[in-house]
Amino acid sequence: MQHKPLPSQTFPAGDPLLTAALASMPYGFSIWSEDRRLILFNQHYLDMYRFPSERVRVGMSLLDICKLTVELGNHPDMTVETLHALYLQRQDQCSNPAIPLRSQKPIRGRVVKTTHICRPGLGWMVTHEDVTEEVEQQRIADQREKSLDTQNLRFRAAVDNMRQGLCMFDADERLVICNQTYIELYNLPPELARTGARHIDIVNYRSEHGMRPVNGAQSFMAQHWQLQEGEESRTVLVELANGKLISIHHEPMADGGWVATHYDVTDEVQRVAALETRERELALQNLRFDAAVNNMSQGLCMFDRQERLVICNEPYAAIYHLPRELTAPGTTLSEILAHRLAHGIVPVGGREAYMASRKQLVVGATHAKEVVEFEDGRAICVHHHPMADGGWVSTHEDITEQRKIEARVQHLARHDALTDLPNRALFREEMDKLETRIQRNEAVAVLCLDLDHFKAINDTLGHATGDEVLVNVGKRLQQVCRDTDIVARLGGDEFAILVHKLENPMHAAALASRIVKLVAEPMQAGGHQVVIGTSVGIAMAPGDGQNAETLLRNADTALYRAKSEGRGNYHFFEKGMDEALQHRRMLEQGLKVALARGEFRLVYQPLMDLEQNRICCLEALLRWDHPERGLISPMEFIPVAEETGVITAIGEWVLREACKAATAWPDYVRVAVNLSPVQFKNRGLVDQVVSALNDASLPANRLELEITESLLLADTELTLQTLHRFRELGVRISMDDFGTGYSSLSYLRSFPFDKIKIDRSFMKDVGEQKDSMAIIKAVIGLGRSLGMSTTAEGIETEEQLAAIREEGCDEAQGFLFSPPLPASSVNALFGNGGALTTRQRKLG
Ligand code: C2E
Ligand code: CA
Ligand code: CA
């Protein structure tokens, strides 16, 4: 900022005219240069801040003025710095000349209003006014207004909450105020509820909306004028055309206006009026009672202590076919009973028993309920309520239909809807009843049945036919059983039979065989001739179980066995069957999810090339780490996987996993994978192998597939086709477990195998049994002449190794070299060119 020379105007010296003008100003006045120095000021300015005149000079800096005013105690809660900063800020803020800036700040209890006016290029003009009084007055006014507001609000709330409508009119008959109740009472629109609304308009509005006094609006106004004339307060009751009764209290005011309260007394008046018509009401009540009594669906009657009828309704008369004269008050109970008996309304138990029970009821002091069955088939439910005076009231309800429906529901709940045979629930009930008899050593048999391949019938011939088959089977079962036996359908194609009073087990066996034979006979269903077989499992009490639960379960276990032994037969339960079955079920369930849960892994066992004395191949062997049972042998789970079909998915996984693993091995080492015959049923097998090789980038000639003789037992054509496709790809095929089947040798002619693996059972008695050695020798010779290499499995001892080596066997596999190893340990085997070290050999 450029410094300008100080202007010549000063105070108090200088131009007397200016001095006078400044002194006549009603407020303090100061002018400041742009570099914030005092240029001009008047006496008021000094007075306002109580500045001694000798301490204020022209040219003094703003900072010095701040120091002075703080020193004098004008700003008890401010330091020099904050005050100075505040001034600077004010002056900067009004650098826009158009806007004078005002501020009020208290100086030692007084309020000074400063107005900064900017003079561009020159500095600032500041006026200083003492506004203490004004501020105080404003504060008092504000406060007064506030308290008046609250008072008004309170008054308003009180008035609006009155139960009476309240209104005040002035001398000009214009509305001053009215409350919410008044507005609601006459349903006034907002323009008539406003201050200034005319009384006559309100009265007219009320008339137009049905709130006219019954004796006319004119009369109301006349009454109103009359009220106005009198000087004391009065209350009148006005009956409106809409039926309302309003009590109006009129209070004239000194200024010619009035206050009135309007109170709706309709309900109160009616209550009072009601008291007078009690008699009339009672008659009405009686009419209503009669209507209710005759409209009841139950029969109702009331007798007094002399057994005379007081009242009865129409349904009562209808139930007991009573003529009109027997429903008249005073009719005796015995007259009514005599009529009933004479007209065939006879209780099933006979008249005497009934009369006795009636007597019992009548003298009983408590509420009783009884169902009386009549010879005409009806069932009547009677509720008997004794009364204090010795009489009674009873209700009679015909529940015949209801009972029939209940019986039907009961039947449906315990019978199969399709065959109408007992269902599982009823069968269990019957079984439970037997428990005590079983405990008394009565022989009982439970037969569980299930139809063979029933699903196929449903799938091919439709559900309607399937249903018909089930009905026919149900009938046939009932045909072979005695009436005392219970034949039930447990659900689906499962049936069960409970045979009691069994003479001996042969009886159960005979029954089962009759069932198997009869069910197997051709039947007509859905326009087809259908033949269906059944399998039966038998459990005998007490030997195979003492309670329903165990017997049913064991019969089911035996059924499972009968089915697995080729269906269409029966099987008795045997001890141990259960555990085997449980185990098998556990395996089945577990296998379904094992793959997805990653419970499988592969281990690899080397095959030694005996000429080169190094590893030439590794056989992939599957391992299942069951989460609860631990390691489960493939010998145990592979057959189950084969039966349930999951082997297809598992086998594919093994192929892919083994091919991947082999890529980490030296090129001369192949991988051998075992294939199950079930996998060959799947037409995608060749594609699976190709894709496993491609995905792993493994040359086909590094894969060996091991198959067993059993594969060649059935479906030879398709199987041989598949095997040839493999050979064309360059994949090698080995005949596994050779020598365990009946016609091993003949299979060797059917396909040009690359390798024969002599089963490990032949190695067991090498050195002891001459026969075994002879067979091994023959197989090795045969293989050589057919151009197939030979592998001896299960080599555990040096002696066995020496023997097969001598016979010219090409390869050997067994614990002598190595047990199957996890994939991670395999690479260590190739440390010395694939020859196994002694340490590794000892591992076997
Ligand atoms: P295998 O194909 O004959 O496999 C050789 C079996 O002999 C393996 O049993 C192996 O551990 C065992 N073994 C190896 N050296 C010796 C030895 O010196 N002495 C004796 N006593 N046994 C030896 P493992 O791994 O329990 O496999 C049993 C069978 O399970 C296999 O017989 C094979 O038929 C089947 N299997 C294993 N993995 C698979 C697979 O991935 N797929 C199919 N389909 N079957 C498999
Ligand atoms: Ca094998
Ligand atoms: Ca084998």
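Scanning the range 601-620 turns up at least one residue that is away from ligand 3 (no atom under 16 Å from the Cβ) and within 40 Å of the chain's Cα centre (by Cα). Would you be able to say whether some residue in the range 526-533 is under 27 Å from K575 (Cα atoms) and not in a helix (DSSP H, G or I)? Yes.
In the set (1) modelled with pLDDT under 95; (2) buried (at least 20 other Cβ atoms within 10 Å of the Cβ); (3) under 60 Å from the mean Cα position of the chain (by Cα), K757 fails one condition alone, (1). Collect the residues in the range 471-507 that are acidic (D, E) and either closer than 30 Å to G526 by Cα or at pLDDT 95 or above (or both), keeping them in residue-number order. Residues satisfying the conditions are D483, D485, D493, E494.
Every condition in (1) among the acidic types (D, E); (2) more than 16 Å from ligand 1 (Cβ to nearest atom); (3) at pLDDT below 90 holds for E709 except the one numbered (2).
The strands (runs of 3 or more DSSP E) found entirely in the range 106-193 that carry 1 or more residues being open to solvent by 80 Å² or more (accessible area, probe 1.4 Å), closer than 30 Å to L72 by Cβ and touching a strand residue (DSSP E or B) at 6+ places or on another chain (Cβ under 8 Å) are 110-119.
Residues in the range 721-737 that are assigned to a helix (DSSP H, G or I) and open to solvent by 30 Å² or more (accessible area, probe 1.4 Å) were compared, and the one that is farthest from ligand 1 (Cβ to nearest atom) is E728.
Scanning the range 194-215 for residues that are open to solvent by 60 Å² or more (accessible area, probe 1.4 Å) and of a type outside the set (D, E, K, R) yields a total of 6. Within the range 1-38, track down each residue that is at pLDDT below 55 and part of a helix (DSSP H, G or I). Result: no residue meets the conditions. In the set (1) over 16 Å from E652 (Cα atoms); (2) within 16 Å of ligand 3 (Cβ to nearest atom), E706 fails one condition alone, (1). Any chance you could count how many residues in the range 476-517 are more than 15 Å from A443 (Cβ to Cβ), assigned to a helix (DSSP H, G or I), in contact (Cβ under 8 Å) with a residue 40 or more places away in the chain and open to solvent by 30 Å² or more (accessible area, probe 1.4 Å)? Summing the residues that are more than 15 Å from A443 (Cβ to Cβ), assigned to a helix (DSSP H, G or I), in contact (Cβ under 8 Å) with a residue 40 or more places away in the chain and open to solvent by 30 Å² or more (accessible area, probe 1.4 Å) in the range 476-517 gives 3. A single entry from L610, L622, L631 fulfils the requirement of being within 12 Å of ligand 1 (Cβ to nearest atom) and either closer than 27 Å to E811 by Cβ or open to solvent by less than 30 Å² (accessible area, probe 1.4 Å) (or both): L622. Out of A672, A664, A696, A700, one residue alone is touching a helix residue (DSSP H, G or I) at 6+ places or on another chain (Cβ under 9 Å), within 24 Å of N827 (Cβ to Cβ), of a type in the set (G, A, S) and within 14 Å of ligand 2 (Cβ to nearest atom). It is A672.
When A388, A425, A417 are screened for being of a type in the set (A, V, I, L, M), open to solvent by 40 Å² or more (accessible area, probe 1.4 Å), without any contact (Cβ under 8 Å) to a residue 24 or more places away in the chain and touching a helix residue (DSSP H, G or I) at 6+ places or on another chain (Cβ under 6 Å), only A425 passes. Among the residues of the range 687-707, not one is assigned to a strand (DSSP E or B) and open to solvent by 20 Å² or more (accessible area, probe 1.4 Å). The single condition among (1) in a helix (DSSP H, G or I); (2) open to solvent by 60 Å² or more (accessible area, probe 1.4 Å); (3) away from ligand 1 (no atom under 16 Å from the Cβ) that L782 does not satisfy is (2).
In the range 570-589, what count of residues is obtained for those that are open to solvent by less than 50 Å² (accessible area, probe 1.4 Å) and in contact (Cβ under 8 Å) with a residue 40 or more places away in the chain? Number satisfying all stated conditions: 3.
Here R760 fulfils each of the conditions (1) more than 14 Å from ligand 3 (Cβ to nearest atom); (2) touching a residue at least 12 places away in the same chain (Cβ under 8 Å) apart from (1). Exactly one residue among A692, A672 is closer than 16 Å to A792 by Cβ, within 16 Å of ligand 1 (Cβ to nearest atom) and under 55 Å from the mean Cα position of the chain (by Cα), and that residue is A672. When E717, E768 are screened for being more than 54 Å from the chain's Cα centre (by Cα), closer than 22 Å to R805 by Cα and among the charged types (D, E, K, R), only E768 passes. I'd like to verify a number: residues in the range 654-669 that are open to solvent by 10 Å² or more (accessible area, probe 1.4 Å) and within 16 Å of ligand 1 (Cβ to nearest atom), how many? Of the residues in that region, 5 qualify.
Every condition in (1) at pLDDT below 95; (2) open to solvent by less than 10 Å² (accessible area, probe 1.4 Å); (3) over 47 Å from the mean Cα position of the chain (by Cα) holds for Q679 except the one numbered (3).
The values are calculated or read from the model by the stated rules, or taken from the named source; none is laboratory data. None of the values given here were measured: they were computed from a predicted structure. FYI the Cβ positions are ideal-geometry reconstructions off the backbone, even for glycines, and counts take in every protein chain you see. Remember, those area values only see protein heavy atoms, side chains included, never the ligands or the DNA or RNA. Shrake-Rupley method; radii C 1.70, N 1.55, O 1.52, S 1.80 Å.
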